[in-house]
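Trainee: Please see the structure below; I have some questions.
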Amino acid sequence: MISVLIVNYHCAALTSRAVSSVLRECPSAEVIVVDNSESPEEAERLRQALPANCRLIIAERNLGFGRGCNLAYQAATQDVIFLLNPDALVLPEALQQLHHFLLQTPDAGAVSPISYWDQAQRWLLPPGQAVSPRTEYAIQKALADQKQGQIASYQCRQQACAALYTTAAVPQTMLSGAHLMLTRAVIDRLGGLFDEAIFMYYEDTDLCRRIEALGLTLYLLPTAQVVHEWQAAPSKMALSQASHRYYLTKHFADDYQQYKWRLAQPSEPRLPTATELGSCSQPPQWPVPEAWQDDWLLELSPHPLFIPAAYQRGQGSIATVSNEVWQCLGSGRYWARLSPFSATDLCESQRFQWDKPVVEQAAYSTLLQPLHDLSQQFAAQHTLSASQLSPQHQPLAERFGWMWDSDQACWKKQRQPRWSLAWAEQGKNEQAWASLFTAAFGYVMPEAQRQWKYAHANPFGVAVFREETMVAFYGGMPRAIRYFGQPSRAVQIGDVMVHPTERGVLTKNGPFQLAAATFLEYQIGYGKPHLLGFGFPESKALKLATRLGLYAQVDQMVALHWPPAARRWSPRVYARPVTPHEAGIVNTLWEDMAAAFQNSIIGVRDWAFIAHRYLAHPTVSYQLLLVRRRWRHQPLAVVILRDRPQEEAVELVDMIATPEHFSIAVGVARRFALRAGRKKLFAWLTQSHAPAVATATAATCHPLDIVIPTNIWSPGPDVTTLENHWWLMAGDTDFR
């Protein structure tokens, strides 16, 4: 018998489908599902959907993929273990063939089937690739040398085709943990299944390397097949990068240090010519030259060298990316290559490149509005079939009064919802938003300011309606960040508001909680568009969000104060207004600052951010000064200042500088305050970083009733990981 281990995360329908595919082919299999969703509703959906002979384990929190598998393994009783993703389907005879091969091959440490990307079984996902600093540097060098790149790309193509388009088992250097079979004896020799220090990604790469270290072989068995509906998710990049860094440090400590600086300095790519298709919102297709029509190969990849790529082997006059595969692609740049299957080199090929636009954000409205529409459409009969309410809508269905009836296998309407939800979108909800803003805050925000604030966000928040009136809103502004040295995405929460007539319902399932929880569920956390959320609420507002299980505090703001400078000039440095011609200098200063904040979380402060945040502000004027050494003209810092005459003060809103130049930047700001005739200079800064700045600049520190929260509603980095690591100034807000 076989123990099949599956980890579920908010995909009960997919998990149920995967379990059914296993039991259809192997009714005697022991199937164990671990639910990482941290949702009682999801757990109930699984209980209703899974067969009685499937064991369900509810994790107390999201353990990550590796630890979830380990938990399932602890409950397994069989000697053969098969790991299966919930978005995968086992095709006929796959389990039997894998099981037979594994037991009949003494040197086999693990075996995997080949995986189709689509249920039509046209596209094959690539076999696993070895990961090391040397291989990654070789790929980077191949990008910079067109001939070397052609060779590397062709070799990757040949190796993949030799493994995928054959019937014999093929030794591999890495196998995917999405569908992997191995024995308990091998796991015991390894000292356990997955390394629990890896939350997600690279846990299978680590496992395969440990298996090879035992002297065992990894095999791909092409006669055994699964369908794996893998989703390309750029939003998970930060999580992947963290696991990647851990893996390289663990297995290649010396090589990683040797190649780390080389990998950080990529050369200018020199790529073969490709036909530019521009922005494609529909799957592209290409005519196949007549000489190739008997047997061609179409490759699809997010990498210009097609390392790795998905493969479709076909015949006929048209090659295309199917709709099913197209829906699996996130936004970004993609490459396709069409060539004869038997090509002996890649000179005889056609290359194409295009951008898939950001459709995920706009598509979020389809996760909410259809529920409202369905509520109206089926109000008379009060029922929905399982197919009418898709799996992605189900986590929110209960909020609209729909409950699953397992006896009748349908969704039933329980009550008329008091509120409806929708994503607030540009060009659609501005007037309703403006009316709510005025009612909530007592003044009118200029439309130009709203457009500036949410220029890079669409949708720009979640709106709650009572009939046609917007009564609550929870919005956010995207922000590029460096997360402990790695590029990532965050969102600043802004304009959280509830209409005065609805403020008596600041409870669970009230309009504020509905808007906030929905935004957090779909926007922030692992696998979401933004890894982190942050904001600047007062402590009273934080207490409410904490009570509702939305936020936890990770830092707070303080104010640093300095007197004006004693004199107006310095013999060491001088400052002049920044101009657009100095954008490159600003970017260099920012990269130097980012390198100094490898152990912090800091918002990107490049020219693009500076130009939008300060120069394009519709209502506030700032002074942006570039600080240089007086004799050598070496750029040292950028300081952003705001004169506040009514407070008789100048505010240091932001600065771009390394810590060694903080005192110089503050000195320039103090001289500006002196020239302006103000009594003080002050700046907002997170409490965790304030002592270093205060010590370097002789500042006095004053507490502020402004706290920095983080999302705890949806799974993301632990609070302890984030505590006291944010570098935030007034310029990171939208209101200073």
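Here, each number is a calculation from the coordinates, and none is a lab measurement. Values in this document were obtained by computation on a predicted structure and should not be read as measured data. Heads up, the Cβs are rebuilt from the backbone with ideal geometry, glycines too, and the neighbour counts pull from every protein chain shown.
Trainee: Among 137, 73, 454, which comes first, second and so on when ranked by fewest other beta-carbon atoms within 10 Å?
Mentor: By the 10 Å Cβ count, ascending: 137, 73, 454.
Trainee: Please arrange 356, 679 by how many other C-beta atoms lie within 10 Å of their C-beta, fewest to most.
Mentor: With the fewest neighbours first, 356, 679 line up as 679, 356.
Trainee: R0 = 60 Å: FRET efficiency of residue 1 with residue 466, Cβ-based, nearest 0.05?
Mentor: On the way: r = 56 Å, r/R0 = 0.93.
Efficiency at R0 = 60 Å is approximately 0.60.
Trainee: Just the ratio, please: alpha-carbon radius of gyration of segment 275-357 over 2.2 N^0.38 Å, N its number of residues.
Mentor: 1.03
Trainee: Ok, one more. Only one of the listed values, (1) 28.3, 87; (2) 37.3, 149; (3) 27.9, 114, was derived from the coordinates as Rg and Dmax of the Cα atoms in Å; which label is it?
Mentor: (1)
Trainee: In segment 17-152, if every C-alpha pair distance is counted and binned at 10 Å from zero, what percent goes to each bin?
Mentor: Reading the bins upward from 0: 9, 29, 30, 19, 10, 2.
Trainee: Per 5 Å bin from zero, what fraction in whole % of the C-alpha pairs of segment 517-617 is there, up to the bin with the longest pair?
Mentor: That works out to 2, 8, 12, 13, 16, 19, 13, 8, 5, 4, 1, 0, in percent per bin.
Trainee: Report the relative contact order of segment 559-732, percent, no decimals, based on alpha-carbon pairs under 8 angstrom and at least 6 residues apart.
Mentor: Result for segment 559-732 is 31 percent.
Trainee: Restricting attention to segment 681-735, which chymotrypsin sites (Phe, Trp or Tyr not before Pro) occupy a DSSP loop and are surrounded by at most 11 other Cβ atoms within 10 Å? Walk me through the numbers on the way to the answer.
Mentor: Details: sites: 682, 684, 713, 726, 727, 735; in loops: 713, 735.
Filter output for segment 681-735: 735.
Trainee: Under Stokes-Einstein, with the Kirkwood radius over Cα pairs standing in for Rh, what whole-number D in µm²/s applies to segment 559-732 at 20 °C and 1.002 mPa s?
Mentor: Using the Kirkwood radius from Cα pairs, D works out to 127 µm²/s.
Trainee: Using the per-residue mean of other Cβ atoms lying within 10 Å as a proxy for protection, in what order, highest first, do the peptides 566-572, 109-115 fall?
Mentor: With the highest mean Cβ count within 10 Å placed first, the list reads 109-115, 566-572.
Trainee: Which values, in whole Å and largest first, are the semi-axes of the equivalent ellipsoid of segment 17-76 obtained as the square root of 5 times each eigenvalue of the Cα gyration tensor? Walk me through the intermediate numbers first.
Mentor: Working: eigenvalues 77, 42, 15 Å².
For segment 17-76, the semi-axes come out at 20, 15, 9 Å.
Trainee: Let me ask you something else. Longest span of the chain, sites excluded, free of GluC sites (Glu not before Pro) in DSSP loop with at most 10 other C-beta atoms within 10 Å?
Mentor: 61-466
Trainee: Hey, what did the chain get for relative contact order, percent, Cα under 8 Å, at least 6 apart? Could you put the intermediate results ahead of the total?
Mentor: Details: 1479 pairs, mean separation 71.8, N = 736.
For the chain, the relative contact order is 10 percent.
Trainee: Mind checking the log10 I(q)/I(0) for segment 2-263 at q = 0.14, 0.15 Å⁻¹? Debye, one equal scatterer per Cα, no solvent, two decimals.
Mentor: With no solvent term, the Cα-only Debye profile gives -1.01, -1.15.
Trainee: Which of the residue pairs 250/356; 250/528; 543/679 have a Cα-Cα distance greater than 32 Å in the structure shown?
Mentor: Those over the limit are 250/356; 543/679.
Trainee: Modelled label-to-label distance, residue 718 and residue 698, 7 Å Cα→beta-carbon offset: nm?
Mentor: Computed distance between label sites residue 718 and residue 698 equals 4.3 nm.
Trainee: On to the next question. Could you work out the helix-only [θ] at 222 nm for the chain, with each DSSP H run of four or more residues adding -39,500 (n - 2.57) and the total divided by the number of residues, to the nearest 500 deg cm²/dmol?
Mentor: Value at 222 nm, helices only, nearest 500: -9000 deg cm²/dmol.
Trainee: How high is the FRET efficiency from residue 213 to residue 141, r the C-beta distance, R0 30 Å, rounded to 0.05? Present the calculation step by step, with values, prior to reporting the outcome.
Mentor: Values: r = 28 Å, r/R0 = 0.92.
Calculated value: 0.60.
Trainee: How much length would be gained if the chain were fully extended between residue 281 and residue 315, taking 0.36 nm per residue of separation minus their Cα-Cα distance, in nm to one decimal?
Mentor: Computed gain between residue 281 and residue 315 is 9.7 nm.
Trainee: Still on this structure, please answer the following. Could you give the length gained on full extension between residue 240 and residue 572, defined as 0.36 nm per residue of separation minus the Cα-Cα distance, in nm?
Mentor: Answer, rounded to one decimal: 115.0 nm.
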